[in-house]
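Structure, as structure tokens:
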Amino acid sequence: MTDRIIPIVHATRTSLPPGRDLAAAPEGELVDQRKRRVRDLRISVTDRCNFRCVYCMPKEVFGDDYAYLSRKQLLSFEEIERVARIFVDLGVEKIRLTGGEPLLRKHIENLIERLAKLPVEITLTTNGSLLAKKARALKDAGLHRVTVSLDGIDDAVFKRMNDVDYAVGDVLDGIAAAAAVGLAPVKVNCVVKRGSNDDQILPLARHFRHSGHILRFIEYMDVGSSNGWRMDEVLPSADVVDRISEEFPLDPIDPNYPGEVAERWRYADGGGEIGVISSVTQAFCATCTRIRLSTEGQLYTCLFAQSGHDLRALLRKGGGDEALRREIAAIWRGRDDRYSEIRTAATSLPAAKKIEMSYIGG
Ligand code: SAM
Ligand code: SF4
Ligand code: SF4
């Protein structure tokens, strides 16, 4: 394990601005140990990716000989749909497909078609490389919105970040195609790694102002054990806001819904809005309503959980939906995670125990 000295005092959102508090859960509703409801289900549909983003799947670790999951280890679309249906029954309102790169999963639109029958919002996070080709089929299958990752607008920086020589232009085409078919507003996520791509903050802001797309900056997190994370490479969101507002004054705006992770800011001149996600400097565990289903059916109650719950075994054992429902509800009830709130040098998990973002689903 690398020595990770964390020099900042974490501001935790214990006293949240008005509107940020989660409404008290109604009597009888499923809540975890910290009275949080289950609202967002993230489903990883593949652990593979065609990018090698330096902060997520560095080439040195994810090389040609990396052992990805085999086909039969993956949950089938039927199995995913079954789990999703039970989660919706338990209170989930939003399902996000992720990975790895979700658009690499064969016939992903067939899964979307199944999930779109549920009365919830279906979204997908993608690196955008296949989006121009697939946007229409995704929309037709019933997808509501997409989030596209883009860590720079300058080709050289972007290529350095994705580490597979992938050009910005193709991702921009994907974003345009998504907006054109109505997968809008498109959210564009940039993970900021100080010293690597923080010089892209202003160019990205300039590019996406007045575009109708919502640019969001995410603090670089200590997920997984392969990215060699260091606290001094985290650029606090407050600095992002300061840098942008020096050129384009920003005003804070209310969250869209209680517990929204992104803090929203609006350009004072009407150029649209941006968001910042302060996963490291302002932990939002207090309002965390997310749960993650890995590609092979392990259920994780936290991005930093050290182990999952094997739903695939339960699914394949042949029990009915009611047994599965009871099991999932018990897992959520027992949840007590708040890793980001208590992250300090002393509590950092040993690197070997951390689960990779590309596996658990970002
Ligand atoms: N491949 C898709 C993509 O990149 O959008 C979906 C999966 S990716 C793991 C989901 C999100 O996690 C991306 O926006 C990515 O930038 C973010 N991410 C990955 N590693 C991260 C890290 N160490 N810190 C913060 N965000 C990270
Ligand atoms: Fe792939 Fe997304 Fe990870 Fe980049 S962030 S390596 S695109 S899974
Ligand atoms: Fe949720 Fe875990 Fe992240 Fe906290 S650290 S916000 S509990 S996923």
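Once every DSSP H run of n ≥ 4 in the chain is given -39500 (n - 2.57) and the sum is divided by its residues, what mean residue ellipticity at 222 nm do you get, rounded to the nearest 500 deg cm²/dmol?
Values: 11 runs with 102 residues, N = 362.
Calculated from helices alone, the mean residue ellipticity at 222 nm is -8000 deg cm²/dmol.
Quick one: Thr281, Thr98, fewest Cβ neighbours within 10 Å first, how do they rank?
Working: Thr281 20, Thr98 23.
Ascending number of Cβ neighbours within 10 Å: Thr281, Thr98.
Report the one residue of Ile328, Tyr68, Val261 whose Cα lies farthest in the direction of the positive end of the charge dipole of the chain (charges on C-beta: Lys and Arg +1, Asp and Glu -1; origin at the Cα centre).
Ile328
Provide the net charge surrounding Lys94, with neighbours chosen by a C-beta distance below 14 Å and charges set as Lys +1, Arg +1, Asp -1, Glu -1. Intermediate results must be reported in sequence, preceding the final value.
Numbers: positive: Arg37, Arg39, Arg42, Arg96, Arg145, Lys187, Arg290, Arg292; negative: Asp40, Glu93, Glu121, Glu260.
Cβ neighbours under 14 Å give a net charge of +4.
Give the separation of the Cα centroids, the range 301-330 to the range 158-201, in Å.
Between the Cα centre of the range 301-330 and that of the range 158-201, the gap is 35 Å.
If exposed means no more than 10 neighbouring beta carbons inside 10 Å and the site is in a DSSP loop, what's the longest run of the chain without any exposed GluC sites (Glu not before Pro)?
Values: sites that count: Glu27, Glu60.
The reported range is 61-362.
Name the residue farthest towards the positive end of the dipole of the chain from the options Val92, Leu202, Phe77, assuming +1 on Cβ of Lys and Arg, -1 on Cβ of Asp and Glu, about the Cα centre.
Sorting the options by dipole projection puts first Phe77.
Please flag any cysteine in the chain that has no other cysteine's Cβ under 4.7 angstrom from its own Cβ.
Lone cysteines by the Cβ rule: Cys49, Cys190, Cys285, Cys288, Cys302.
Distance check, please: which entries in Lys117/Lys354; Lys106/Lys159; Lys59/Lys134 exceed 32 angstrom between their Cα atoms? Intermediate results must be reported in sequence, preceding the final value.
Details: Lys117/Lys354 35 Å; Lys106/Lys159 26 Å; Lys59/Lys134 27 Å.
Beyond 32 Å between Cα atoms: Lys117/Lys354.
Taking the Cα centre of the range 11-360 as origin, work out the dipole magnitude from +1 charges on Lys and Arg Cβ and -1 charges on Asp and Glu Cβ, in debye rounded to 20. Can you show the working numbers first?
Values: 51 positive and 51 negative charges, 215 e Å.
That gives a dipole near 1040 debye.
Values quoted throughout were computed directly from the atomic coordinates according to the rules given, and no laboratory measurement underlies them. It should be emphasised that the depicted structure is a prediction, and the values quoted were computed from it without experimental measurement. Here the Cβ is made from the backbone with ideal geometry for all residues, glycine too, and neighbour counts use every protein chain on show.
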